[in-house]
Amino acid sequence: MKIAIINGPNLNLLGKRESSIYGVQTFEDYFDLLQKTYSTIHFNVFQSNIEGELINYIQQSDAVFDGIILNAAAYTHTSVGLGDAIRAIDTSVVEVHISNTLAREDFRHKSYITPHAKGLIVGFGIDVYRLAVESFLLESHSP
Ligand code: DQA
């Protein structure tokens, strides 16, 4: 199984950014553990602070991966272009957010991703990425 993990703006700062909301672990440390836990899964991780680069990567990912885990971060709430990119591809996208966006400011309640995503996992801390992996494994094992 091949899974792409796509992280949007400021997620390169996990571990030092607003740690009371996003935790103290860097994504690199978390990903090391994730890769060890799922040693047979081939992961590709892509992070960008630039909207167009995220859209390019989503377009290039179509039919390359069995699934995409997307944390579009702040672009979730603003980007029609990212929503359209997900709409345009056949590969399933699971949207994740580390924090419970629906329990935060009103502007975080809107997502341009959710209507085109296979599912949404929010609020379980950085482990939302692992839960998204499990959702793809469940799908692959279902009859
Ligand atoms: C986030 C939530 C977004 O509202 C925020 O802009 C982020 C991170 C999360 O993972 O909780 O940058 O996507």
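The values are calculated or read from the model by the stated rules, or taken from the named source; none is laboratory data. As the structure is a computational prediction, the values presented were derived from the model and not from experiment. Glycine gets a Cβ as well: all are built from the backbone with ideal geometry, and neighbour counts include every protein chain shown. Quick note on the areas: whole protein, heavy atoms, side chains included, nothing else; ligands and nucleic acids left out. Shrake-Rupley method; radii C 1.70, N 1.55, O 1.52, S 1.80 Å.
Just a few scattered comments:
- Antiparallel beta bridges, as assigned by DSSP with both residues in the chain, represent about 0 percent of the total such bridges.
- With all protein chains in place and a 1.4 Å probe, the accessible surface of the chain carries 52 percent carbon and sulfur.
- Average accessible surface for the chain: 51 Å² per residue, computed with a 1.4 Å probe over protein heavy atoms with every protein chain in place.
- For the chain, the number of Lys pairs separated by eight or more positions or lying on different chains, with C-alpha atoms closer than 28 Å, is 6.
- Of the residues Gln35, Ser142, Val96, the one whose Cα sits farthest towards the positive end of the charge dipole of the chain is Val96 (charges of +1 on Lys and Arg Cβ, -1 on Asp and Glu Cβ, taken about the Cα centre).
- Cα centroid separation, segment 40-85 to segment 89-143 (Å): 13 Å
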